[in-house]
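Any read-out appearing in this document is the output of simple, stated calculations on the displayed coordinates, not a laboratory observation. Nothing here was measured: the structure is a model prediction, and the numbers come from that model. We place every Cβ from the backbone using ideal geometry, glycine too, and count neighbours over all the protein chains shown.
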Amino acid sequence: MYSQTKIAVPIFKKDKKSIIEEAQYCIQKGADLIEFRIDGMDNPKPQIVREIIEEINFPTIATNRVKTEGGLFKGTEEQRVNILLETVDVAEFVDIELQTNDNLIKQITETNVKTIISYHDFKKTPPLNELLNIVFKEKNLGNIAKVALMPNDLEDTLTVLAILSHCEDTIAISMGDIGSYTRVISTKFNAPITFAVSSDVTAPGQIDIETMKQLLNLDIMDIDDLNSSY
């Protein structure tokens with residue numbers, strides 16, 4: 001039984017030519033989605049960003065990550081969101097951080113584009129109740145909730161799995177080597193998207209595309225099969 005979880009591959013390049021070449025490589029390797037990390041570009045311009053997505057011509061997540069959540073965008077918040085607004089009719093999804101000003105989020109969510117409302121913590125994994133509250137807020141704003149968290153121990157990774165078990169239409173990732181397995185096992189909780197890499201590592205513990213596809217399509221830890229054997 002093949003996984004329904006889509007594999008997104010982030011592309012973090014500085015110029016148009018490199019971005020399109022990397023996207024083509026990822027598509028050949030079996031990516032289901034391209035995450036275009038706009039903040040990786042040198043001085044991105046809205047029209048150029050739009051042209052890149054059009055030339056890639058493949059389901060794309062437009063992400064322009066803010067510095068406080070691991071991004072590199074150097075302009076104002078208004079400039080950052082204006083670039084994302086230029087992508088809403090050519091991208092499959094737009095990723096916008098929960099911490100973004102409510103009025104700026106609303107400008108994105110009022111369009112017809114599907115949205116991923118995201119939250120990242122590169123230092124820790126907050127308690128489950130706090131994370132559930134974050135996911136609740138995200139789902140009230142957009143189509144898919146996303147949390148990516150740094151574990152300090154194995155128990156923190158189980159907190160991430162608990163989020164997946166409680167919440168539909170949610171991406172929950174435990175980062176780092178200790179949390180890398182959550183990127184694979186999330187398919188058993190019907191996570192809509194997981195993330196792999198080609199040559200660009202944008203978060204600790206990421207897995208390459210080909211390995212991820214093989215792991216997702218193995219019937220390991222199939223809960224339905226396990227239950228039917230008793």
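Structure summary
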{"item": "Fewest-first sequence of Lys16, Lys188 by Cβ atoms within 10 Å of each Cβ", "result": "Lys16, Lys188"}
{"item": "Computed label-point distance, nm, for sites Ser165 and Lys14 using a 7 Å Cα→Cβ extension", "result": "4.6"}
{"item": "Order of Lys146, Lys67, Lys213 - criterion: other Cβ atoms within 10 Å of each residue's Cβ, fewest first", "result": "Lys67, Lys213, Lys146"}
{"item": "20 Å Cα-Cα threshold exceeded, pairs from Lys188/Lys213; Lys45/Lys106; Lys17/Lys146; Lys29/Lys139; Lys124/Lys146", "result": "Lys45/Lys106; Lys17/Lys146; Lys29/Lys139"}
{"item": "Under the Karplus curve 6.51 cos²θ - 1.76 cosθ + 1.60, θ = phi - 60°, whole-Hz ³J(HN,Hα) for the stretch 178-193, x wherever Gly or Pro sits", "result": "5, x, 4, 5, 5, 5, 8, 6, 4, 4, 6, 10, 6, 4, x, 9"}
{"item": "Nonlocal amide H pairs with Lys114, under 5 Å, H built at 1.01 Å", "result": "Val94"}
{"item": "Cα-centre dipole for the chain with unit charges at Cβ (Lys and Arg positive, Asp and Glu negative), debye to 20", "result": "420"}
{"item": "Peptide ranges 46-57, 164-175 listed from the most packed, as the mean C-beta count within 10 angstrom indicates", "result": "164-175, 46-57"}
{"item": "Fewest-first ranking of Val160, Val66, using other Cβ atoms within 10 Å as the exposure measure", "result": "Val66, Val160"}
{"item": "Cα lying deepest toward the dipole's positive end in the chain, options Val49, Gln79, Ile38, charges on Cβ", "result": "Gln79"}
{"item": "Spin-label zone in the stretch 71-91 - amide nitrogen under 19 Å from a point set 7 Å from the Cα of Asp42 along the C-beta vector", "result": "72-75"}
